[in-house]
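The values are calculated or read from the model by the stated rules, or taken from the named source; none is laboratory data. As the structure is a prediction and not an experimental result, all values here were calculated from the model. Here the Cβ positions follow ideal geometry from the backbone for every residue, glycine too, while neighbour counts run over all protein chains shown.
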Amino acid sequence: MNDVEVVVIGAGQAGLSSAYHLRRSGYVPGEDFVVLDHAPRPGGAWQFRWPTLTYDRVHGMYALPGMELTGADPDRPASEVIGEYFAAYERAFELRVRRPVDVREVRDAGEDAGRDGRLLVRTSEGDWSPRAVINATGTWDRPFWPRFPGQERFRGRQLHTANYPGPESDAFRGKRVVVVGGGTSAVQHLMEIAGVAAGTVWVTRRPPAFREGPFEQEDGRAAVALVEERVRDGLPPRSVVSVTGLPMTEQMRKARESGVLERLPMFSRITEDGVEWADGARAEADTIVWATGFRPVIDHLSPLRLREPGGGIRLEGTRSVRDPRVHLVGYGPSASTIGANRAGRAAVRDVRALLRAEAGAGTEAGTGAGTEAGTGVGARTQAGARAAVPA
């Protein structure tokens, strides 16, 4: 059993931001906190993106706190650019991310273990007993596959954005392709596939909303507020993009004028060789691409019973209402690169307050309560901690 103050689960944008702010607050990586990541290498979910998603096509990538991403070749795959950037970031701040580590469950440690007030994090590489958990597991590992009558009888291929291979795949070249979904990924897939496929059909549940003109700060705040409202109500979060609409680019405009982005309503069933609507209309297909999004990866938190009757986890800021020891970053309104950065900072601020309160029950000398960073990490001073962090 490894006792630490904080366990950060996940080393994507949200997890690395949290780790950065923990270290800035005086916590020592590997001693006072640990970052666990199940991915084989740095890069978060970006490392799994398709090769034709180049860096210049990434929608709204914000730098991690404390280190800018500069000099990136816009024509390189985003998976490579951002993967290398995350790796450099981990080295620069000596975050000591442990990988690959699969977190199997998080539960209360219980009095029987002699760790009253602590959590128990069970993993593929041993157990950890922290006073707080910052969960930054994102959504990539839980792609959403809708179910339709007849789906199991379809004789072609079915792919999801999570395993989209790029347009040069034999799943698309010379094939009839149906793309399902109304988000940015669906549009990107369509524009790529249309150049090699025998034909494409775009299907969405609701008419897509294209956004013309600049996206002001007020627009962003309003969109985030809508997502936050669902989280406060304990409902499963919607993505920020789902409430902001699709930013119209010149490439999208041309694709819409050429008919590639001509949308059809959702079909009612899948046949052996295509899809069929309620009025009897049919479209033949060799491949169906489900660009239908992802759901939060939070099943490992199930033993804590954090979910509300509506199916989501209700938060105050990043803190779980049902268990203040657990923070979720990259969840709901913070499921964007800039939102993840801010959430990481907010989570660490609350974690420090929680641990200071616990430390107050002990002696000042024994807990380091007299220092600015006095959060149960000994007598390290805030100044000393910051001096060790690269600027």
**Q.** Complete set of residues in segment 279-300 that are surrounded by fewer than 18 Cβ atoms within 10 Å (Cβ to Cβ) and among the charged types (D, E, K, R)
**A.** ASP279, ARG282, GLU284, ARG295, ASP299
Q. Does GLY30 fit the bill of being closer than 20 Å to TYR85 by Cα and of a type in the set (Gly, Ala, Ser)?
A. no
Q: Output yes when any residue across segment 63-72 is within 22 Å of ARG345 (Cα to Cα) and β-branched (Val, Ile, Thr), and no when none is.
A: no
Q: State which residue pairs qualify: first residue closer than 18 Å to TYR164 by Cα and inside segment 52-77, second residue among the basic types (Lys, Arg) and modelled with pLDDT of 90 or more in any location, beta carbons under 6 Å apart, and separation of 6 or more residues or different chains.
A: TYR55/ARG76
Q | Any hit, segment 172-193, residues being on the phi > 0 side of the Ramachandran plot, free of Cβ contacts under 8 Å to residues at least 40 places away in the same chain and assigned by TED's automatic domain parsing to the domain that holds TRP277 | A | yes
Q) Name the pairs: first residue in segment 248-272 and surrounded by 15 or more Cβ atoms within 10 Å (Cβ to Cβ), second residue among the polar types (S, T, N, Q), Cβ to Cβ under 6 Å, at least 6 apart or on different chains? A) ARG263/THR204; ILE270/GLN151
**Q.** Meets criteria (outside the structural domain of PRO77 (by TED's automatic domain parsing), of a type in the set (A, V, I, L, M) and either without any contact (Cβ under 8 Å) to a residue 24 or more places away in the chain or part of a loop (DSSP other than H, G, I, E, B) (or both)) for VAL196
**A.** yes
Q | Scan of segment 17-33 for residues that are crowded, with 24+ Cβ neighbours inside 10 Å and touching a strand residue (DSSP E or B) at 6+ places or on another chain (Cβ under 8 Å), ordered by number | A | SER18, ALA19, LEU22, TYR27, PHE33
Q. For segment 116-130, which residues satisfy the criterion of being closer than 11 Å to LEU36 by Cα and crowded, with 17+ Cβ neighbours inside 10 Å?
A. VAL121, THR123, TRP128
Q: Taking the residues in segment 131-150 that are basic (Lys, Arg) and farther than 20 Å from TYR27 by Cα as candidates, determine which candidate is surrounded by the fewest Cβ atoms within 10 Å (Cβ to Cβ).
A: ARG147
Q.
For the condition assigned to a loop (DSSP other than H, G, I, E, B) and assigned by TED's automatic domain parsing to the domain that holds ASP127, what is the one hit in GLY339, GLY280, GLY310, GLY259?
A. GLY310
**Q.** In segment 29-58, the residues that are of a type outside the set (Lys, Arg) and out of contact with any Gly (no Cβ under 9 Å at 6 or more places or on another chain)
**A.** PRO29, GLY30, GLU31, PHE33, VAL34, PRO40, PHE48, THR54, TYR55, ASP56, VAL58
(Q) Let me confirm something: among ARG131, ARG153, ARG176, which residue is at pLDDT 95 or above, basic (Lys, Arg) and closer than 30 Å to ARG349 by Cα? (A) ARG131
Q) What number of residues within segment 1-43 are of a type outside the set (A, V, I, L, M, F, W, C) and more than 18 Å from the chain's Cα centre (by Cα)? A) 13
**Q.** Of all residues in segment 6-16 being in contact with a strand residue (DSSP E or B) (Cβ under 7 Å, 6 or more places away or on another chain), of a type in the set (A, V, I, L, M) and outside any loop (DSSP other than H, G, I, E, B), the one that is surrounded by the fewest Cβ atoms within 10 Å (Cβ to Cβ)
**A.** VAL7
**Q.** Scan of segment 138-162 for residues that are assigned to a helix (DSSP H, G or I) and more than 20 Å from THR204 (Cα to Cα), ordered by number
**A.** GLU152, ARG153
Q: For residues that are outside any helix (DSSP H, G or I) and surrounded by fewer than 16 Cβ atoms within 10 Å (Cβ to Cβ), tally how many sit in segment 34-61.
A: 5
